[in-house]
Amino acid sequence: MNALFRLYDLSAPLVRAADLLRPLLLLALRLYLASVFFRSGLTKIADWDTTLYLFTEEYAVPLLPPAIAAFMGTAGELLLPPLLALGLAGRFAALGLTVVNAMAVLSYPALLGFECPAALQSHIAWGAGLLALLSFGPGALSADHLIAARRASR
């Protein structure tokens, strides 16, 4: 039991350091994920005819006509990443991008059929990052944190 307490004493500074780094890590995660999804949205609007073709012929988005699915997916990829990057309505943005990410996986047969394992791994990693942001929030280096601090000081 004594050895366990000594191990705890040795790990305490590491835990404190990790706690100090958490805001930076959450900021880095937000910026990375925002850039991934925003660049995807920019790709879609760069050639809208190709985007519509892909949503009509390649992707099998359930319940929505292809043009509406293309518009909604692109809008999500362009509007939610700036919110995520700023940490403004951070959990809302992370939830919205989680839906966009999940729909991308569910609607592209090659991902579900494991024909593109690297692409599937990327979507899984992005989903894990988004779930972390949903769980922990955008962190201390965010607009949400500043707004909460102002409200608390009133």
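Here are a few things to note about the model shown:
- When F38 is tested against (1) surrounded by 15 or more Cβ atoms within 10 Å (Cβ to Cβ); (2) over 27 Å from R22 (Cα atoms), exactly one condition is not met: (2).
- Among residues of the range 44-55, those that are among the acidic types (D, E) and not in a loop (DSSP other than H, G, I, E, B), counted: 1
- Residue in the range 56-70 that is among the aromatic types (F, W, Y), out of contact with any Lys or Arg (no Cβ under 8 Å at 6 or more places or on another chain) and assigned to a helix (DSSP H, G or I) present: no
- Going through (1) closer than 28 Å to A140 by Cβ; (2) modelled with pLDDT under 95; (3) out of contact with any Leu (no Cβ under 9 Å at 6 or more places or on another chain) one by one, A18 falls short only on (3).
- If the condition is being over 8 Å from G90 (Cα atoms) and assigned to a helix (DSSP H, G or I), then the range 135-145 contributes S135, F136, A143, H145.
- Residue that is surrounded by the fewest Cβ atoms within 10 Å (Cβ to Cβ), among those in the range 54-93 that are under 18 Å from L112 (Cβ atoms) and either aromatic (F, W, Y) or touching a residue at least 60 places away in the same chain (Cβ under 8 Å) (or both): Y59
- Residues of the range 106-122 satisfying the condition of being surrounded by fewer than 17 Cβ atoms within 10 Å (Cβ to Cβ) and part of a helix (DSSP H, G or I): L106, P109, A110, L112, P117, A118, A119, Q121, S122
- Condition check for T98: of a type in the set (V, I, T), buried (at least 17 other Cβ atoms within 10 Å of the Cβ), closer than 22 Å to G127 by Cβ and under 24 Å from the mean Cα position of the chain (by Cα): yes
- Among the residues of this structure, P82 counts as one that is in contact with a Phe, Trp or Tyr (Cβ under 8 Å, 6 or more places away or on another chain) and modelled with pLDDT of 95 or more.
- Tally of residues being hydroxyl-bearing (S, T, Y) and closer than 13 Å to L79 by Cα across the range 21-47: 2
The values are calculated or read from the model by the stated rules, or taken from the named source; none is laboratory data. Source: prediction; values computed, not measured. For neighbour counting, all protein chains shown are included, and Cβ atoms are generated from backbone atoms with ideal geometry for every residue, glycine included.
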